[in-house]
Every structure is written in structure tokens, then in C-alpha cells.
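The values are calculated or read from the model by the stated rules, or taken from the named source; none is laboratory data. Note that the coordinates shown come from a computational prediction; the quantities given were computed from them, not determined experimentally. FYI the Cβ positions are ideal-geometry reconstructions off the backbone, even for glycines, and counts take in every protein chain you see.
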Amino acid sequence: MINISGLVAGVVRWAYKSGITPGIDTRGIPSHECINCGCNVFEIRAGFEDYEISFWFTEGRCAQCKAPVTVPTPCDHPDFESEDVYDYESDDE
Ligand SMILES: [Zn+2]
């Protein structure tokens, strides 16, 4: 009997080592989850300040299936409001 999940994992490892990108290229669609496999862990480049992430690059790849992804930022949230925006309406008095 064939172990399908083991076979798929082996193919993904082989493709990764060979420089072939498995999965669908979802760059350009910021998401919290990989659209290919549902994993929510990504490999990204980030910078730190005071022991916290201070910036990150939006290009990355899924930690599980290695598909290229665009990781989200606060600006990608539908209800995003910057705290730096001046409130003109409260200044009418
Ligand atoms: Zn994935």
C-alpha cells in the first residue's frame, strides 16, 4: 500500500531542494494563512528593536509547503485606521 502523505512530503522536499517552488504562487494577496495548505507560519525577513519586531518584508514563503506568499500588514486590514491620522472633525469647535 502506498503512503500518499509520505509520498507528497517527499516530493515537496525534493522540489524544495531542487529549487522548484511547489504550490500556487499567491504573492500579491496578503493573507494570514497559506492558500495552498492552510499553514499560518511564514518564513520572512524582519528587523528588531527593543526585542520586538519593528519592521518586516512582505515577501515570504509558507513554512510548510514553501509556496511564495505576501504576508499581511496592518494596512491590509479592512477596518485599518492609522493612529497617526489627524482628526479634522473634532477640530471644528
Ligand atoms: Zn503552505
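I'd like the residue in region 43-53 that is of a type outside the set (D, E, K, R) and either modelled with pLDDT under 95 or away from the ligand (no atom under 16 Å from the Cβ) (or both) and, out of all such residues, is surrounded by the fewest Cβ atoms within 10 Å (Cβ to Cβ).
51
Out of 75, 37, report the one residue that is within 26 Å of residue 18 (Cα to Cα) and over 10 Å from the mean Cα position of the chain (by Cα).
Working: 75 fails: within 26 Å of residue 18 (Cα to Cα).
Just one listed residue meets the conditions, 37.
Can you find even one residue in region 35-42 that is surrounded by fewer than 10 Cβ atoms within 10 Å (Cβ to Cβ) and of a type in the set (Phe, Trp, Tyr)?
Within region 35-42, not a single residue is surrounded by fewer than 10 Cβ atoms within 10 Å (Cβ to Cβ) and of a type in the set (Phe, Trp, Tyr).
Condition check ((1) of a type in the set (Asp, Glu); (2) outside any loop (DSSP other than H, G, I, E, B); (3) at pLDDT below 95) across all residues:
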{"site": "32", "(1), (2), (3)": "no, no, yes"}
{"site": "35", "(1), (2), (3)": "no, no, yes"}
{"site": "55", "(1), (2), (3)": "no, yes, no"}
{"site": "66", "(1), (2), (3)": "no, no, yes"}
{"site": "80", "(1), (2), (3)": "no, no, yes"}
{"site": "83", "(1), (2), (3)": "yes, no, yes"}
{"site": "86", "(1), (2), (3)": "no, no, yes"}
